[in-house]
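A.B. asks: Provided herewith is a single structure, encoded as structure tokens, for subsequent inquiry.
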Amino acid sequence: MKGAPMQKSVQKSVNLRSFLTASWLGWQIESNWTDPFLFATYSTIKPVAGAAILVLMYSIVTQGNFDSPVFAYLYLGNAFYQYVPAVLTGVSWTIIDDREHYRTLKYIYTAPVNIPFYLFGRAVAKFIVGTFGVVITIAAGVLFLNVPLDWSRVDWPLFLVALFLGVLMLALSGLILAGITLMTARHSYYIGDVVAGGLFLFTGAIFPLEVLPNWLRPIGYLLPITYWLELIRRSLVGAVAEAFPTFTALSNGDLLLILAASSLVFGIASIFIFRYCDHQARERGLIDQTTNY
Amino acid sequence: MSQNLAVKTENLGRIYKIRNNRKEKQRELLALENVNLEIREGELFGLLGPNGAGKTTLIKILTTLLSPTSGRAWVAGLDVTRQPAEVRKRINMVSGGETSGYGLLTVRENLWMFAQFYGIPSAEANRRIKTLAEIVGIADRLNTKSSDLSTGLRQKMNIIRGFLTDLEVLFLDEPTLGLDVGASRDVRSFIRRWMDENPHRTLLLTTHYMVEAEELCDRVAIINQGRVLACDTPARLKQNLRHEIFFQVWVDASRLLDEYAFLRINGVKHFHQSPEEDSLRLEISLEEEAVLSEIIYELTAQSARILRLEKREPTLEDVFVQLVGQRMEEVENVAVPAD
Ligand SMILES: Nc1ncnc2c1ncn2[C@@H]1O[C@H](COP(=O)(O)OP(=O)(O)O)[C@@H](O)[C@H]1O
Ligand SMILES: [Mg+2]
């Protein structure tokens, strides 16, 4: 009985330790560029090039109507969607990286490490690099493309809460992918990118859900990412975003509630799914299974 | 279970389901069967067996990486399947013959990071890293990126990782596999020294080198095809062989000899030949010394000229032969699946 609170604080420090040490490691790996200039260039060009393609397509389709609210809507949606592959991959890729490349997964597993916290920690560096991409994309939009972002009218509290909840939700979704990766010895190399790419069109990132055929829309309504992107846009360019039909009936508070609730559901589900996969992986001996290239 | 057992297994078994491709039917492979072991606190316990015997499988179960398909196991008094998180706080593990580690980190960073996972304060971790690196002989490489190390040095780094933490039971799976003779000797003497300095810690070591088991271990379990065939001190295991006489003979022969001609001789218990650089080495065990004259007679008959003849003490390899009827390398040749 008297050992119980002690146990709890030890447990808490295991989680924190796993997270912090993994963040350190993740950053060492992510920043391991022999040429920092190359790294900076690459991290800038990639997001800007992505946005440029989108802008080009938009300008062809609308014959250069950059004043339409649709432009800000898709530009910001696309910019923030960069977090989706970054976090999903950040959390799930570590399983493959440690198991196949560094061959350390079994040593991490046999150490007193909380694996989900370890995976979240490893993703921090990818989140930071992702943030860099988002900031660059938005800066390019504001400076060169007249994206109507007025810093004085940004709803910062809403933005920060939405961003935090969204990243948490993405990290927990990444945990589901990590579990699947753990269970499949091969074939899941790009699972984070594939899932992020597959969901892109259903989340209202670059066009409102109304554009989708009726029978595909429910996918969008079921994904927390959809509500998250909407909230982010409203917090940044409120009036412009509210001009869109999809969620006009819902207030910011409603959206926040939906995002929080769906993150919670996702969170609980992801923990159970990860535990199940973890258990299965141990049943089948997959934790140190390496593919022979 | 009793308090001072570091490891205990009860009818432990593991079956792997294997399928080479999607079309093929699933087969079952019995990797461990009814393993009952009791390892006491403070023991240096060896698990000796050929490749494919099930040693790694047993280590994986005890280190919570793999679930058993039958039976139970406890480490430091804790059930490995039901309390894996508790077990992990009390163990550490090193596998030999592999290059693991974060190549982009230095040796010191790799080790420091693992110490962090175990909650060892930074200064203490660095002190231990320095001490261990000096003993193992890689102190001058601590600031080298581990990807720049040779395989042998990387393995030494991995071994230090195992000894860094405050553990109760340490698992070493073939720690000297792939190391050269000198490095293996270093590692063995380090292990022995560490055990002498840490009398309450327990070490389970697997090996297929009988010298390693014989030199190092307090007790040895001999394992083959997933089953533990004998378990005792090296001396007592060899006691059963005290009525046998062992000879090693090197002969000059252009081809392999006719084995059956030797095995037919009354009093010959075992005969094994293996070609060496420019001779043929024979391992012979006899019920009594007098039979040797008939061996020599047969060698002459097969026109094999004796280069050297040695009488030797029995080894654990001979114990294995007595139990299994084959030498360890013969079993390995058979056990390797043809795919
Ligand atoms: N993940 C696995 N899937 C299928 N069979 C396996 C697996 N791991 C080991 N085996 C088989 O189980 C047997 C025991 O292997 P192992 O425990 O690695 O033996 P050892 O470590 O003594 O060489 C071998 O026949 C091996 O081929
Ligand atoms: Mg093995």
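The values are calculated or read from the model by the stated rules, or taken from the named source; none is laboratory data. Worth saying up front: this structure is predicted, and the values here are computed from it rather than measured. When we count neighbours, we look across all protein chains shown, and the Cβ atoms used for this are built from the backbone with ideal geometry, even at glycine. What goes into the accessible areas is simple: the full protein's heavy atoms, side chains included, and nothing from ligands, DNA or RNA. Shrake-Rupley method; radii C 1.70, N 1.55, O 1.52, S 1.80 Å.
A.B. asks: Please verify whether the range B:81-88 includes one or more residues that are at pLDDT 95 or above, part of a loop (DSSP other than H, G, I, E, B) and within 24 Å of B:Leu316 (Cβ to Cβ).
C.D. replies: No, the range B:81-88 contains no residue that is at pLDDT 95 or above, part of a loop (DSSP other than H, G, I, E, B) and within 24 Å of B:Leu316 (Cβ to Cβ).
A.B. asks: Tell me the helices (runs of 4 or more DSSP H) entirely within the range A:195-293 that contain at least 1 residues that are within 16 Å of ligand 1 (Cβ to nearest atom), more than 14 Å from chain B (Cβ to nearest Cβ) and at pLDDT 90 or above.
C.D. replies: In the range A:195-293, no matching helices (runs of 4 or more DSSP H) lie anywhere.
A.B. asks: Still on this structure, I have one more. Do you know which residues across the range B:51-64 are on the phi < 0 side of the Ramachandran plot and near ligand 1 (Cβ under 8 Å from one of its atoms)?
C.D. replies: Those that are on the phi < 0 side of the Ramachandran plot and near ligand 1 (Cβ under 8 Å from one of its atoms): B:Asn51, B:Ala53, B:Lys55, B:Thr56, B:Thr57, B:Leu58, B:Ile59, B:Lys60.
A.B. asks: Any residue in the range B:47-63 that is facing another protein chain (nearest Cβ under 9 Å) sitting within a Cβ distance under 7 Å of a residue that is more than 6 Å from ligand 1 (Cβ to nearest atom)? List the pairs, counting only those 6 or more apart or interchain.
C.D. replies: B:Thr57/B:Arg14; B:Thr57/B:Leu32; B:Thr57/B:Leu66; B:Lys60/B:Leu66; B:Thr63/A:Thr110; B:Thr63/B:Ile91; B:Thr63/B:Met93; B:Thr63/B:Phe171
A.B. asks: Kindly provide the set of residues from the range B:65-79 that are within 16 Å of ligand 1 (Cβ to nearest atom) and not in a strand (DSSP E or B), ordered by number.
C.D. replies: B:Leu65, B:Leu66, B:Ser67, B:Pro68, B:Thr69
A.B. asks: If B:Thr165 passes every condition in (1) surrounded by 21 or more Cβ atoms within 10 Å (Cβ to Cβ); (2) more than 11 Å from every other protein chain (Cβ to nearest Cβ); (3) not in a helix (DSSP H, G or I) but one, which one does it miss?
C.D. replies: With (1) surrounded by 21 or more Cβ atoms within 10 Å (Cβ to Cβ); (2) more than 11 Å from every other protein chain (Cβ to nearest Cβ); (3) not in a helix (DSSP H, G or I) applied to B:Thr165, the lone miss is (2).
Table: residues versus (1) at pLDDT below 85; (2) within 14 Å of chain B (Cβ to nearest Cβ); (3) over 28 Å from B:Gly101 (Cβ atoms); (4) open to solvent by 60 Å² or more (accessible area, probe 1.4 Å).
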site: A:Lys2; (1), (2), (3), (4): yes, no, yes, yes
site: A:Val10; (1), (2), (3), (4): yes, yes, no, no
site: A:Phe19; (1), (2), (3), (4): no, yes, no, yes
site: A:Ser23; (1), (2), (3), (4): no, yes, no, no
site: A:Ser31; (1), (2), (3), (4): yes, yes, no, no
site: A:Ile60; (1), (2), (3), (4): no, no, yes, yes
site: A:Phe66; (1), (2), (3), (4): yes, no, yes, yes
site: A:Gly77; (1), (2), (3), (4): no, no, yes, no
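Let's see how each residue does on (1) within 13 Å of ligand 2 (Cβ to nearest atom); (2) at pLDDT 95 or above; (3) assigned to a strand (DSSP E or B); (4) of a type in the set (Asp, Glu):
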site: B:Ala6; (1), (2), (3), (4): no, yes, yes, no
site: B:Asn11; (1), (2), (3), (4): no, yes, yes, no
site: B:Ile15; (1), (2), (3), (4): no, yes, yes, no
site: B:Arg22; (1), (2), (3), (4): no, no, no, no
site: B:Leu29; (1), (2), (3), (4): no, no, yes, no
site: B:Phe45; (1), (2), (3), (4): no, yes, yes, no
site: B:Lys60; (1), (2), (3), (4): yes, yes, no, no
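A.B. asks: From the set of residues in the range B:224-239 that are charged (D, E, K, R) and part of a strand (DSSP E or B), which is farthest from ligand 1 (Cβ to nearest atom)?
C.D. replies: B:Asp232
A.B. asks: Name the residues in the range B:194-223 that are surrounded by 23 or more Cβ atoms within 10 Å (Cβ to Cβ) and part of a strand (DSSP E or B), would you?
C.D. replies: B:Thr202, B:Leu203, B:Leu204, B:Leu205, B:Thr206, B:Thr207, B:Val220, B:Ala221, B:Ile222, B:Ile223, listed by residue number.
A.B. asks: For the range B:32-53, name all the residues that are open to solvent by 10 Å² or more (accessible area, probe 1.4 Å) and touching a strand residue (DSSP E or B) at 6+ places or on another chain (Cβ under 8 Å).
C.D. replies: Correct list: B:Glu33, B:Asn34, B:Asn36, B:Glu38, B:Arg40, B:Glu41, B:Gly42, B:Glu43.
A.B. asks: Additional query: Of the numbered conditions (1) open to solvent by less than 30 Å² (accessible area, probe 1.4 Å); (2) of a type in the set (D, E, K, R); (3) in a loop (DSSP other than H, G, I, E, B), B:Arg242 satisfies every one except a single condition; which is it?
C.D. replies: So B:Arg242 meets the others, but not (1).
A.B. asks: Only helices (runs of 4 or more DSSP H) wholly contained in the range B:261-339 count here; list those with 2 or more residues that are within 16 Å of ligand 1 (Cβ to nearest atom) and not acidic (Asp, Glu).
C.D. replies: The helices (runs of 4 or more DSSP H) meeting that bar are B:316-324, B:328-335.
A.B. asks: Here's something else I'd like to know. For the subset of the range B:1-30 comprising residues that are more than 10 Å from ligand 1 (Cβ to nearest atom) and acidic (Asp, Glu), which member is nearest to the other protein chains (Cβ to nearest Cβ)?
C.D. replies: The qualifying residue nearest to the other protein chains (Cβ to nearest Cβ) is B:Glu24.
A.B. asks: Still on this structure, I have one more. Looking at B:Arg141, B:Arg88, B:Arg128, which is the one that is assigned by TED's automatic domain parsing to the domain that holds B:Phe171, among the basic types (Lys, Arg) and crowded, with 23+ Cβ neighbours inside 10 Å?
C.D. replies: So the residue among B:Arg141, B:Arg88, B:Arg128 that is assigned by TED's automatic domain parsing to the domain that holds B:Phe171, among the basic types (Lys, Arg) and crowded, with 23+ Cβ neighbours inside 10 Å is B:Arg88.
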